[in-house]
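Notes follow once the structure below has been shown.
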Amino acid sequence: MAQKRKSSFAIPMVACVGVAFATCTGPGQTGQSTMLAATAHPVPSSYEGANAVVGAYCTRCHSDRMRRGELVLEGFDLANAPQNAEAVEKMIRKLRAGMMPPSGASRPEDAILQAVATELETTIDRAAARNPNPGARTFQRLNRAEYRAAIRDVLGLEVDVSSFLPLDTKSGNFDNIADVQTPSTTVMEGYLRAAGQIVRIALGDPDAEVSNTIYRVPRVQSQKERVENAPFGTRGGLSIVHNFPADGKYVFHIMPYAAVEGEVFARPYGYEQIEVSIDGKRVALLPIDRWMSESEPSGLNIRTDSLQVTAGPKRVTAAFVRQYEGVVDDLIRPIDHTLADGQIGIGLGVTTQHHLQRMTILGPFEVTGVSETPTRRMVFSCRPTSSDEARPCAREIVARMAAKAYRRPVRQNDVDGLMTFYDRGASDGGFEGGIRTALQAMLTSPHFLFRMEERPANVRPGDIYRISDIDLASRLSFFLWGSPPDEQLLRLAQDGDLSNSSEIERQVRRMMADPRAEALATRFAAQWLRLQDLEKVQPDALTYPYFDQTLADAMHRETEFLFANLVAEDRSVLELLTADYTFVNERLARHYGIPGVTGTDFRRVSYVDDTRRGLLGHGSILTLTSHPDRTSPVLRGKWVLEVLLGSPPPPPPPDIPAFEETDGASDGRFLTVRERMEEHRANPACTSCHKVIDPIGVALENFDVTGAWRERDNGNLVDPASELYDGTPLAGPADLRNALLNRPEVFFRVLTENLMAYALGRRVEYYDMPTIRSITREAAKNDYKISSFVLGVVQSPAFLSARASADQADQN
């Protein structure tokens with residue numbers, strides 16, 4: 001029997017802690033109740049204080065009759081919390097965030113509520129230490145990004161896999177979660193098609209048939225400046241790496257837009273030239289010397305002569321020759337993407353410079369063979385001079401390539417299996433044909449496509465075991481780099497050195513200092529912060545004419561740069577909320593009103609005032625949480641609750657009129673977004689949830705749809721004053737930021753949850769929360785530097801070990 005101990009707070013105390021589980025369920029909604037009552041043989045309570053708080057003031061909502069949130073707290077005894085850990089973890093989350101008791105309810109001092117949360121955490125954490133659970137994960141398959149990185153690692157090629165593989169399903173914010181990576185027929189067929197095409201690209205294809213590849217430029221992308229990797233003296237257009245399958249002749253079709261903005265603003269006019277270059281060398285100069293007439297709605301279609309090009313990856317650029325230096329003075333300011341040049345066409349209004357719509361590469365014609373390429377030289381490390389040498393040479397190539405593809409040392413049966421494919425291909429296609437077939441089999445092998453981890457032979461279903469060093473190397477590299485392990489990591493794994501905790505820490509720090517660790521920004525942070533949603537918002541062109549794809553891309557990169565800087569300099573993760581600096585290029589600096597920045601390169605700058613700090617001042621976040629024609633306090637509040645606080649609001653009840661159906665005018669004037677929201681919130685069915693969501697978004701109302709600072713909305717002064725769900729008054733972004741900083745532990749834990757989910761490739765469960773709390777406590781000792789969180793995840797039992805599932809096959 002457990003020894004009784006005194007609670008850390010006096011009793012009785014008043015708090016409706018139990019309503020932490022209320023979920024705004026509507027009439028008729030049912031679900032299975034969670035009972036936190038005493039067991040059939042209750043343990044004598046040693047947690048009198050917490051029991052008194054919950055039992056005295058929470059059972060009114062969470063009684064067997066009311067069942068708010070389908071939770072019953074009658075007879076609650078904290079001593080039995082470990083048996084109901086999943087429900088208790090939800091309670092802890094709401095208490096730590098200050099969301100319960102709800103606004104309007106009797107509420108004791110916050111210190112009392114935090115003491116209750118501490119009691120709950122201590123009880124759960126001690127039970128977890130006695131019975132650790134690292135969780136179970138099925139095998140992971142390579143998603144699009146990982147597949148592309150693996151191909152780059154094995155063959156040195158950059159390939160666009162979007163034409164072969166379907167979009168990755170996301171779970172828990174991320175696209176690498178195993179439970180939704182079922183290898184469907186569609187996915188496997190995509191892998192098969194990809195393997196065939198990639199091998200043809202890698203080794204060339206002397207039998208290549210004529211095909212076309214289309215590269216498009218978004219209509220709203222600015223084409224005023226030189227694009228990255230394009231020759232100097234050009235503007236706009238595009239610059240891409242194209243893989244030519246064979247030596248032969250190719251034709252380049254160029255199509256400008258007929259009307260950049262659907263003739264809302266202007267039509268292109270004037271003589272211009274488009275330069276086509278390959279690897280920086282001009283191969284064609286094409287004139288555009290007339291109006292794009294209404295009879296050509298799809299634009300001009302310009303083509304080069306047939307051009308001789310050798311096989312392999314080459315940078316192809318199609319760009320306009322710059323006719324003058326400096327910035328065009330727009331007639332309709334500041335519409336960068338229309339490039340208004342100040343001329344007035346007869347009867348047509350404003351004119352613009354030309355914009356490239358797409359480039360199509362057609363070929364090859366008259367194939368003459370396949371030249372040596374870097375990839376071919378890497379693959380064909382030996383060449384047979386007689387038939388007797390062919391198979392030994394092939395075996396050496398296959399073994400070496402398979403070790404890279406499988407991300408581990410290969411066994412004899414691995415090579416033997418691949419050599420059967422070599423023999424099959426060689427029977428018709430000779431030595432090269434055999435290597436092609438073996439490579440294709442390699443790229444469709446489960447050992448390449450799936451990150452399967454081997455279970456020791458003596459492990460039984462349900463046992464917890466430490467994963468092998470080889471599997472640990474892959475976990476590390478895909479976590480920190482989003483790609484396969486490098487030679488150093490694999491060598492250490494083969495030698496058994498990754499079993500040493502000091503070596504693991506050295507490798508983590510080495511990998512975080514490597515440029516490939518940018519994947520933590522472009523893969524982890526971008527998905528956690530939902531930057532992909534920025535593509536879904538296209539601000540109204542008439543209301544926000546300054547916004548274009550170039551600006552959107554800059555916003556996206558700004559947020560990635562901030563997180564990448566935390567990793568590169570090992571800074572405190574609190575700077576995600578507090579940073580008084582950011583990373584901008586000229587386009588974004590002009591949008592923010594930051595002077596002295598020119599050019600397309602990003603650089604670190606300090607904010608000119610305190611209106612922007614951290615993520616809450618980033619244009620990416622503010623735009624992706626807006627509608628095309630107005631801001632959305634609901635979307636912004638929901639983003640903060642879900643992404644930063646880990647407490648998503650429940651879905652709205654049915655039959656509630658949409659915000660757009662509310663009247664937008666009153667007393668002869670247009671209403672602000674805030675005023676329209678207040679009308680919408682007057683519906684009793686909406687009030688309880690919107691009282692939590694809306695104040696957060698209202699505090700950000702000084703930022704418009706595109707994240708630009710504003711003082712007025714619809715001609716009326718913006719009023720950002722509101723009150724947070726815990727009663728904290730808010731008067732703008734600074735107050736909201738400070739409110740989040742008043743409960744930093746919530747943010748640290750949410751970051752750690754997401755970091756762990758991404759690292760493990762599975763959703764974080766309630767039984768992971770003791771580990772997450774331990775990681776944040778340790779991070780505090782190192783000023784919450786990002787490395788503390790990464791190392792905490794890597795050194796956790798969940799990362800280093802696994803639980804054998806009943807259906808896990810022995811991989812030996």
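The values are calculated or read from the model by the stated rules, or taken from the named source; none is laboratory data. As the structure is a computational prediction, the values presented were derived from the model and not from experiment. Glycine gets a Cβ as well: all are built from the backbone with ideal geometry, and neighbour counts include every protein chain shown. Side chains are part of the model used for accessible areas, which takes the heavy atoms of the whole protein and leaves out ligands, DNA and RNA. Shrake-Rupley method; radii C 1.70, N 1.55, O 1.52, S 1.80 Å.
Some observations on this one:
- Candidates 729, 720, 770 - the one that is of a type outside the set (S, T, N, Q) and touching a Leu at 6+ places or on another chain (Cβ under 8 Å): 720
- Counting the residues of region 613-636 that are open to solvent by 10 Å² or more (accessible area, probe 1.4 Å) and not hydrophobic (A, V, I, L, M, F, W, C) gives 5.
- Entry remark, region 139-160: residues being assigned to a helix (DSSP H, G or I) and crowded, with 20+ Cβ neighbours inside 10 Å number 8 in total.
Let's see how each residue does on (1) in a helix (DSSP H, G or I); (2) out of contact with any Phe, Trp or Tyr (no Cβ under 7 Å at 6 or more places or on another chain); (3) not small (Gly, Ala, Ser):
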| position | (1), (2), (3) |
| --- | --- |
| 587 | yes, yes, yes |
| 596 | no, yes, no |
| 600 | no, yes, yes |
| 637 | yes, yes, no |
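- Region 357-381 - residue that is open to solvent by 20 Å² or more (accessible area, probe 1.4 Å), in a strand (DSSP E or B) and hydrophobic (A, V, I, L, M, F, W, C) and, of those, farthest from residue 255 (Cα to Cα): 367
- Residue match in region 155-167 (condition: under 30 Å from residue 753 (Cβ atoms) and touching a Gly at 6+ places or on another chain (Cβ under 6 Å)): yes
- Count of residues meeting criterion [assigned to a helix (DSSP H, G or I), open to solvent by 30 Å² or more (accessible area, probe 1.4 Å) and of a type outside the set (A, V, I, L, M, F, W, C)] in region 180-232: 6
- Residue match in region 534-546 (condition: open to solvent by less than 20 Å² (accessible area, probe 1.4 Å) and polar (S, T, N, Q)): no
- Taken together, the criteria exclude residue 725 from residues that are touching a residue at least 40 places away in the same chain (Cβ under 8 Å) and assigned to a helix (DSSP H, G or I).
- All conditions but one from (1) open to solvent by 50 Å² or more (accessible area, probe 1.4 Å); (2) in contact (Cβ under 8 Å) with a residue 60 or more places away in the chain; (3) in a helix (DSSP H, G or I) apply to residue 401; the one that does not is (1).
- Candidates in region 575-592 are the residues that are touching an Asp or Glu at 6+ places or on another chain (Cβ under 9 Å) and not hydroxyl-bearing (Ser, Thr, Tyr); of these, the one that is surrounded by the most Cβ atoms within 10 Å (Cβ to Cβ) is 588.
- Filtered by the rule that a residue be in contact with a strand residue (DSSP E or B) (Cβ under 9 Å, 6 or more places away or on another chain), modelled with pLDDT of 95 or more and either of a type in the set (Lys, Arg) or more than 20 Å from residue 788 (Cβ to Cβ) (or both), region 495-524 gives a lone residue, 523.
- A single entry from 77, 64 fulfils the requirement of being open to solvent by 60 Å² or more (accessible area, probe 1.4 Å) and acidic (Asp, Glu): 64.
- Boolean, residue 52 is modelled with pLDDT of 75 or more and either among the small types (Gly, Ala, Ser) or surrounded by 19 or more Cβ atoms within 10 Å (Cβ to Cβ) (or both): yes
- Residue count for region 547-574 satisfying the condition of being basic (Lys, Arg) and either in a helix (DSSP H, G or I) or open to solvent by less than 20 Å² (accessible area, probe 1.4 Å) (or both): 1.
- Selection count, region 438-453, where residues are open to solvent by 40 Å² or more (accessible area, probe 1.4 Å) and either part of a helix (DSSP H, G or I) or in contact with an Asp or Glu (Cβ under 7 Å, 6 or more places away or on another chain) (or both): 3
- Residues in region 408-422 that are surrounded by fewer than 14 Cβ atoms within 10 Å (Cβ to Cβ) and not in a loop (DSSP other than H, G, I, E, B): 412, 413, 416, 420.
- Within region 345-354, none of the residues are of a type outside the set (Lys, Arg), crowded, with 21+ Cβ neighbours inside 10 Å, under 30 Å from residue 250 (Cα atoms) and modelled with pLDDT of 95 or more.
- So residue 119, is it more than 30 Å from residue 50 (Cα to Cα), crowded, with 19+ Cβ neighbours inside 10 Å and among the acidic types (Asp, Glu): no
- Failed criterion for residue 65 (all others in (1) under 24 Å from residue 646 (Cβ atoms); (2) outside any helix (DSSP H, G or I) hold): (1)
- Within region 454-484, restricting attention to residues that are open to solvent by 20 Å² or more (accessible area, probe 1.4 Å) and of a type in the set (S, T, N, Q), the residue that is nearest to residue 410 (Cα to Cα) is 468.
- Total residues in region 35-49, condition open to solvent by 30 Å² or more (accessible area, probe 1.4 Å) and either in contact with a Cys (Cβ under 8 Å, 6 or more places away or on another chain) or at pLDDT 75 or above (or both): 1
- Summed over region 553-579, the residues that are touching a Ser or Thr at 6+ places or on another chain (Cβ under 7 Å) and not β-branched (Val, Ile, Thr) give a count of 6.
- Out of 105, 136, one residue alone is touching a residue at least 12 places away in the same chain (Cβ under 8 Å), touching a helix residue (DSSP H, G or I) at 6+ places or on another chain (Cβ under 8 Å) and either hydrophobic (A, V, I, L, M, F, W, C) or surrounded by 20 or more Cβ atoms within 10 Å (Cβ to Cβ) (or both). It is 105.
- Residues of region 104-157 classified as of a type outside the set (A, V, I, L, M) and in contact with a strand residue (DSSP E or B) (Cβ under 8 Å, 6 or more places away or on another chain), total: 8
- Subset of region 486-526 (residues that are in a helix (DSSP H, G or I), open to solvent by 70 Å² or more (accessible area, probe 1.4 Å) and farther than 30 Å from residue 615 by Cβ): 487, 491, 494, 501, 506
- Considering residues of region 233-249 that are open to solvent by less than 20 Å² (accessible area, probe 1.4 Å) and of a type in the set (D, E, K, R) only, the residue modelled with the highest pLDDT: 247
- Scanning region 62-89 for residues that are hydrophobic (A, V, I, L, M, F, W, C) and under 18 Å from residue 49 (Cβ atoms) yields a total of 6.
- The one condition in (1) open to solvent by less than 30 Å² (accessible area, probe 1.4 Å); (2) in a loop (DSSP other than H, G, I, E, B) that residue 769 fails to fulfil: (2)
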